[in-house]
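Below: one structure, written as structure tokens.
The values are calculated or read from the model by the stated rules, or taken from the named source; none is laboratory data. Bear in mind the structure is a predicted one, so any value in this text is a computation, not a measurement. Here the Cβ is made from the backbone with ideal geometry for all residues, glycine too, and neighbour counts use every protein chain on show. Calculation scope for accessible area: heavy atoms of the full protein, side chains included, ligands and nucleic acids excluded. Shrake-Rupley method; radii C 1.70, N 1.55, O 1.52, S 1.80 Å.
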Amino acid sequence: MNTHLKLGLLLVSLFLSFFIGAAIFQSIEGDLEHSSVHWYFQSYYFCVTVTTTVGYGHITPYTTGGKFFTIFYALFTIPLLVITLADIGRKLANLIGIAETKALGRVKNRHLRFLVVITMTMFSGIVVFLLIPGGIFVALEEFWSFMDGFWYAFATLSTIGFGDITAGMSYEVGPMGSATSNVYIVAISMYTLLGLTWPATLWVLVADYLYGSKGTDKGQEEGQKTEAVAI
């Protein structure tokens, strides 16, 4: 199967699982007296946190049916996300590999090349996925400091999800359930999924370095050909 088609099908399946799962969870948990779910996009947010294993804990199933649904939902969607991130991480690592060949082609020491590449990828990710979003969260979340925004971004993309602070729960953007609040929740979920491609790419780069065949000139040539085909 064409790699681009495969990735497209994975992404469509992932987002369908969010929207369909949210509708099911909302029908089970919504409008109950002790439920933490009161409108559809809260359920959507819950499905995203389950799939990404962030699990802040601010939205949890209350009923037995909701708990059983969450178990089976997680068993299906977590592997789906892992496969999707692995596919995206491979494509991004291939692009980085091509850039590495062009920029560092004259450097023969593969250990030095890896050190440069992993350092640049790490610091680029810190700026793009932690520092910049941290500043954006400060502007959108009431009473958040820059450290709060940075901390939330780190807890999210590391999938630790402490839950001490959670974006999308204040009235700064708009009342709960309003159009602006719903758009914000979807934007947060998109940020989470996009941000997780960063550690996925780092994993692929490290795996290629540790277990790849790029230690020899022949291996490097074969690796470059593979990267060009994969992209």
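Just one of the listed residues (20, 71, 59, 78) is at pLDDT below 95 and of a type outside the set (D, E, K, R), and it is 59. Applying a threshold of 8 Å to beta carbon distances and a minimum spacing of six or more residues, or different chains, the list of pairs starting in the range 37-50 at a residue that is over 12 Å from residue 181 (Cβ atoms) and in a helix (DSSP H, G or I) and ending at one that is acidic (Asp, Glu) and open to solvent by less than 20 Å² (accessible area, probe 1.4 Å) reads 43/29. Evaluate the range 192-213: report whether one residue or more is assigned to a loop (DSSP other than H, G, I, E, B), under 27 Å from residue 7 (Cβ atoms) and either at pLDDT below 90 or among the aliphatic types (A, V, I, L, M) (or both). Checking the range 192-213: at least one residue is assigned to a loop (DSSP other than H, G, I, E, B), under 27 Å from residue 7 (Cβ atoms) and either at pLDDT below 90 or among the aliphatic types (A, V, I, L, M) (or both).
Residue count for the range 79-107, restricted to those that are open to solvent by 50 Å² or more (accessible area, probe 1.4 Å) and without any contact (Cβ under 8 Å) to a residue 40 or more places away in the chain: 6.
Looking across 143, 114, one residue alone is farther than 18 Å from residue 44 by Cβ and loosely packed, with under 14 Cβ neighbours inside 10 Å. It is 143. For the range 93-123, the set of residues classified as polar (S, T, N, Q) and under 11 Å from residue 202 (Cα atoms) consists of 119, 121, listed by residue number. When the range 60-78 is filtered for residues that are free of Cβ contacts under 8 Å to residues at least 60 places away in the same chain, of a type in the set (S, T, N, Q), assigned to a helix (DSSP H, G or I) and closer than 18 Å to residue 189 by Cβ, only 70 remains.
On inspection, residue 7 does not qualify as under 21 Å from residue 192 (Cβ atoms) and at pLDDT 95 or above.
To keep it simple, each residue is scored yes or no on (1) open to solvent by less than 10 Å² (accessible area, probe 1.4 Å); (2) aliphatic (A, V, I, L, M); (3) under 26 Å from residue 199 (Cα atoms).
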residue: 14; (1), (2), (3): yes, yes, yes
residue: 19; (1), (2), (3): no, no, yes
residue: 27; (1), (2), (3): no, no, no
residue: 54; (1), (2), (3): yes, yes, yes
residue: 62; (1), (2), (3): no, no, no
residue: 77; (1), (2), (3): yes, no, yes
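Considering (1) over 21 Å from residue 82 (Cβ atoms); (2) assigned to a helix (DSSP H, G or I); (3) among the hydrophobic types (A, V, I, L, M, F, W, C); (4) in contact (Cβ under 8 Å) with a residue 60 or more places away in the chain, the lone condition that residue 188 does not fulfil carries the number (1).
Looking across the range 146-164, just one residue is more than 19 Å from residue 196 (Cβ to Cβ) and surrounded by 14 or more Cβ atoms within 10 Å (Cβ to Cβ), and that is 148.
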